[in-house]
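Only one structure is covered here, and it is reproduced in the block below.
The values are calculated or read from the model by the stated rules, or taken from the named source; none is laboratory data. Since this is a predicted model, take the numbers as computed values, not measurements. Cβ sites come from the backbone with ideal geometry, for glycine too, and all protein chains shown count toward neighbours. Keep in mind that these areas ignore ligands, DNA and RNA; they rest on the heavy atoms of the full protein, side chains included. Shrake-Rupley method; radii C 1.70, N 1.55, O 1.52, S 1.80 Å.
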Amino acid sequence: VFSLLIGNCCWLLIDGGLRLAAVWVRRHHDGPSTWPGWAWATPIVLVGTLVGYQVGHGLSRLVLGLPGQHAMVQPRVLLLSLVAALVICYIFYARERMHAQHLQALAAEQQASRMQLKLLQSQLEPHMLFNTLANLRVLISLDPAQAQAMLDHLIAFLRATLSASRAAQHPLAAEFERVADYLALMRVRMGERLAVELDLPDALRNLPVPPLLLQPL
């Protein structure tokens, strides 16, 4: 009874104090989400252990019906409670730090993937654009109708490219439309040598995918 009540009183005071301190740090210093730092944690653990020990000890005497002068308060027991509180507090701190580092690693990996995708877009689009404009210049005088169709596909492709550059994902159907415009431009350049067939099942049309996923393939 003494162990349970003292331990739980210490835990309630320490955990509650750390949570309140974390909220205050977030509001005033933009600190971490659930850990206020050792400058706050150390006094909270010390005070929480001392007060929690006294409160838990008093509750235990009350529950067991023991006299008020029962000789249970001992310095070594109080020291043991303090050491246990510090060890448990450090374990929670280490776990929170590992979790934060894991989240940072995931964020860095996602950022690297986005940068690689943007680099791929910057490498593909100018090359395709310059070749298309060169072909368009020739077609204007030779085949105006074909040049008009090529210009329409180019406008649709560029509009989709600009929209996709502002989003991390878009529906697979939009990616197919983008590829269709790209292949239409290539078909104007290559003629009958290029024959393609796009097959997108209805169940997959709204599946979110990164932009420019299919065009390199």
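Numbers for the structure displayed
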| item | result |
| --- | --- |
| At R0 = 22 Å, FRET efficiency that the Cβ-Cβ distance of residue 206 and residue 103 yields, to 0.05 | 0.15 |
| For residue 209, distant residues with modelled amide H under 5 Å away | 170, 172 |
| Accessible area of residue 6 in the full protein assembly, 1.4 Å probe (Å², nearest 10) | 20 |
| The chain: calculated mean residue ellipticity at 222 nm from DSSP helix runs of at least 4, using -39500 (n - 2.57) | -27500 deg cm²/dmol |
| Estimated FRET transfer efficiency (residue 88, residue 111; beta-carbon r; R0 25 Å; 0.05) | 0.10 |
| Most to least accessible of 130, 157 (protein chains only, probe 1.4 Å) | 130, 157 |
| Full-extension gain in nm, residue 1 to residue 155, via 0.36 nm per residue minus C-alpha separation | 47.7 nm |
| Whole-number percent relative contact order across the chain, with pairs defined as alpha carbons under 8 Å at least 6 apart | 15 |
| Shape category assigned to the chain from the gyration tensor of Cα positions, a/c cut at 1.5 | prolate |
| Most fluctuating residue given options 97, 205, 114, as computed from a GNM of the chain linking Cα atoms under 10 Å | 205 |
| Under Karplus coefficients 6.51, -1.76 and 1.60, residue-wise ³J(HN,Hα) of region 51-63 in Hz, glycine/proline x | 5, x, 5, 5, 5, x, 5, x, 5, 5, 4, 5, 5 |
